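K.L.:
Dropping the structure in here first, questions after.
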Amino acid sequence: MTGGGRESEGGEEEVRGARRIPGPRGPADDLDLASVPLPPLPPPGGTAPDEAVPEQSQYASAPETPESDAVEPEPDRGPGPAAQAWPEPDPWPGAEPADGHPRPAAPEWDPTAPAAEAWPGPDREPEPADGTPEPHAPDPLVNSAPVVLPHQVLKALLGAWALSACSAEETAAVEDHLTGCAPCADEALRLRDAVGLLHTDGSLDLDPTLRTRVLDGCFGRRPARIPVPEWAAPYDAETARLDALLRDIGDSEWHAPVRLQWFEEERQVSRRTTVAGVIGHLMAVDGLLSAALGLDDPLDGGKTPLDPTERTETYWSATRRPPTRAVREPWRAQSHELIRTASFAGRNVAETSVSYGAFALPLQDAALDRAFECWVHGGDIADAVDYPYPAPSAAHVHRMIDLAARMLPAALAGRRSAGLAGPAKDLVAAGAPGRSLHLEIEGHGGGDWYIALDSPAAVGAPERAVAQVALDGVEFCRLVAGHISPVEAAAGQEGDREAIRDVLFAAASLSRL
């Protein structure tokens with residue numbers, strides 16, 4: 001059999017009533033059949049009861065066929081004019097009838113027939129008897145009316161709209177709603193800006209200057225009644241950054257191993273501890289500033305040492321159990337109290353002497369020194385827990401480098417007295433310009449400094465420069481922290497080699513536990 005169930009050489013009567021493979025379904029078959037309108041029935045009484053109903057396959061004939069090939073009328077299916085006038089459409093093509101009788105053959109599609117007769121079937125309405133074409137009914141699958149959705153549904157669609165995940169009808173409905181609803185328009189704009197962050201190729205790490213900009217904006221609108229002193233700003237910023245890191249790590253990471261490094265006796269040494277141990281070390285050394293301001297020292301009970309290394313060892317040995325994240329709260333409370341007390345004390349407190357045992361620093365320099373150590377040890381903790389930790393702002397790094405440059409002449413003199421540096425070649429009176437080294441710091445927090453080489457009381461001067469060293473700002477800070485050796489420092493050098501070596505080793509000797 002070919003041709004969709006018809007025999008190739010006539011004889012259609014032989015297969016009448018046999019089941020055939022139904023033709024392709026229209027799109028309406030995929031919908032709920034209850035929603036598809038049925039064809040109208042002819043008015044009752046218009047057809048004789050015994051009038052034969054033409055078989056459905058007769059509608060498929062395109063051009064007229066000879067009389068010899070005409071299809072005989074189908075026998076009467078049963079009483080009732082309505083049933084004889086128009087057969088009921090079959091909602092389930094291919095299924096067996098309930099009475100067990102074979103169903104009539106399915107209509108076929110003829111590509112050569114006119115458009116009106118190309119696809120016959122019970123769903124096609126008959127034309128009127130007078131030949132006037134009836135108006136075409138709208139396609140039940142096409143909905144030309146706009147989608148009307150309530151406010152709550154449209155508000156819930158804003159996220160999908162921002163991601164371009166809505167359908168065309170939903171997109172049109174949302175955008176039409178945004179023209180008349182200001183709250184939803186603001187929310188849509190915020191969501192669209194947030195979606196832009198999801199597609200950026202840049203880093204999502206916070207800008208290290210973000211906190212400073214936010215505070216400056218807040219203080220610009222509402223200045224603080226008692227502002228933080230300018231010299232205490234680096235310490236305030238670095239303790240806040242480290243505290244933000246500590247808030248993000250889990251309980252188990254407080255016991256992560258951390259290796260502290262510094263330079264001692266011409267070699268690099270290290271000490272292993274934990275994240276909690278590093279915070280205890282910072283709190284023990286910060287106690288020197290607390291004592292200078294008249295606050296409680298965390299190492300109370302008997303005579304406490306002044307040397308930072310001894311204070312740390314004393315604190316660690318006094319701890320009966322390994323320190324945990326419980327050390328964060330007293331450390332942060334201590335730093336807050338230091339900043340608050342310095343702010344209320346006024347300008348004169350900046351020159352208060354803070355003793356480190358072997359040397360002393362003014363409180364403003366001691367606070368800068370603590371800010372530097374807080375940044376360095378914050379980087380040690382970040383490396384241990386795999387956390388991003390950028391350098392401080394350029395202005396704060398510049399001030400830290402300036403403190404180290406001012407401490408270098410005294411460090412050179414101390415190494416010279418210990419036989420670790422070359423002898424002085426040109427002693428001058430205090431305050432006079434002497435032989436100098438030009439320290440050029442490039443990049444982050446950069447600048448130019450002139451280091452007196454022969455006397456700590458001399459003044460560095462460009463006209464007396466005998467050597468020049470060029471270093472990156474962060475690289476120089478790592479050298480001062482003892483994280484890299486003077487030999488490994490990537491420095492551009494020119495001039496007196498002995499002076500260059502002495503300055504680089506003196507910078508590394510500023511580091512300590």
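K.L.:
Mind listing just one residue for me: the one in the range 383-398 that is open to solvent by 40 Å² or more (accessible area, probe 1.4 Å) and part of a loop (DSSP other than H, G, I, E, B) and, of those, farthest from Asp365 (Cα to Cα)?
P.N.:
Of everything passing the filter in the range 383-398, Asp386 is farthest from Asp365 (Cα to Cα).
K.L.:
Would you check if there is a residue in the range 502-512 being of a type outside the set (A, V, I, L, M, F, W, C) and without any contact (Cβ under 8 Å) to a residue 40 or more places away in the chain?
P.N.:
no
K.L.:
Another question, then. Can you go through Ala404, Ala411 and tell me which one is surrounded by 18 or more Cβ atoms within 10 Å (Cβ to Cβ) and in contact with a Phe, Trp or Tyr (Cβ under 8 Å, 6 or more places away or on another chain)?
P.N.:
Just one listed residue meets the conditions, Ala404.
K.L.:
Hey, which of the strands (runs of 3 or more DSSP E) in the range 425-493, taking only ones fully inside, have at least 3 residues that are surrounded by fewer than 20 Cβ atoms within 10 Å (Cβ to Cβ) and hydrophobic (A, V, I, L, M, F, W, C)?
P.N.:
459-472
K.L.:
Another question, if that's okay. Could you run through the range 279-324 and say how many residues are touching a Gly at 6+ places or on another chain (Cβ under 9 Å) and over 22 Å from Ser353 (Cα atoms)?
P.N.:
6
K.L.:
Given the residues Arg332, Arg347, Arg435, which is the only one that is of a type in the set (Lys, Arg) and touching a Leu at 6+ places or on another chain (Cβ under 6 Å)?
P.N.:
After ruling out the rest, the residue left standing is Arg435.
K.L.:
Can you spot a residue in the range 276-299 that is within 30 Å of Ala421 (Cα to Cα) and open to solvent by 70 Å² or more (accessible area, probe 1.4 Å)?
P.N.:
no
K.L.:
Which one of these does Trp254 not meet: (1) open to solvent by less than 10 Å² (accessible area, probe 1.4 Å); (2) within 15 Å of Cys374 (Cβ to Cβ)?
P.N.:
Among (1) open to solvent by less than 10 Å² (accessible area, probe 1.4 Å); (2) within 15 Å of Cys374 (Cβ to Cβ), the lone unmet condition for Trp254 is (2).
K.L.:
For the range 450-485: of the residues being aliphatic (A, V, I, L, M) and in contact (Cβ under 8 Å) with a residue 60 or more places away in the chain, which is farthest from Leu420 (Cα to Cα)?
P.N.:
Val474
K.L.:
Further question on the same structure: The conditions are (1) farther than 13 Å from Leu510 by Cα; (2) without any contact (Cβ under 8 Å) to a residue 60 or more places away in the chain, and Leu403 fails exactly one of them. Which is it?
P.N.:
Failed condition: (1).
K.L.:
Okay, next question. Is there a residue in the range 343-365 that is without any contact (Cβ under 8 Å) to a residue 12 or more places away in the chain and under 25 Å from Thr309 (Cβ atoms)?
P.N.:
There is at least one residue in the range 343-365 that is without any contact (Cβ under 8 Å) to a residue 12 or more places away in the chain and under 25 Å from Thr309 (Cβ atoms).
K.L.:
Name the single residue that is surrounded by the fewest Cβ atoms within 10 Å (Cβ to Cβ) among those in the range 414-424 being in a loop (DSSP other than H, G, I, E, B) and out of contact with any helix residue (DSSP H, G or I) (no Cβ under 9 Å at 6 or more places or on another chain).
P.N.:
Gly419
K.L.:
Taking the residues in the range 309-364 that are closer than 22 Å to Trp254 by Cα and of a type in the set (Asp, Glu) as candidates, determine which candidate is surrounded by the most Cβ atoms within 10 Å (Cβ to Cβ).
P.N.:
Among residues in the range 309-364 that are closer than 22 Å to Trp254 by Cα and of a type in the set (Asp, Glu), the one surrounded by the most Cβ atoms within 10 Å (Cβ to Cβ) is Glu313.
K.L.:
Might you let me know whether the range 224-234 holds any residue that is in a helix (DSSP H, G or I), open to solvent by less than 80 Å² (accessible area, probe 1.4 Å) and more than 30 Å from Ser509 (Cβ to Cβ)?
P.N.:
Checking the range 224-234: not a single residue is in a helix (DSSP H, G or I), open to solvent by less than 80 Å² (accessible area, probe 1.4 Å) and more than 30 Å from Ser509 (Cβ to Cβ).
K.L.:
Might you check whether a residue that is surrounded by fewer than 18 Cβ atoms within 10 Å (Cβ to Cβ), out of contact with any His (no Cβ under 9 Å at 6 or more places or on another chain) and assigned to a strand (DSSP E or B) occurs anywhere in the range 499-511?
P.N.:
No.
The values are calculated or read from the model by the stated rules, or taken from the named source; none is laboratory data. This one's a predicted model, so the numbers in the text were calculated from it and none came from an experiment. Virtual Cβ from ideal backbone geometry, glycine too; neighbours counted across all protein chains shown. The area values use the complete protein model at the heavy-atom level, side chains included, leaving out ligands, DNA and RNA. Shrake-Rupley method; radii C 1.70, N 1.55, O 1.52, S 1.80 Å.
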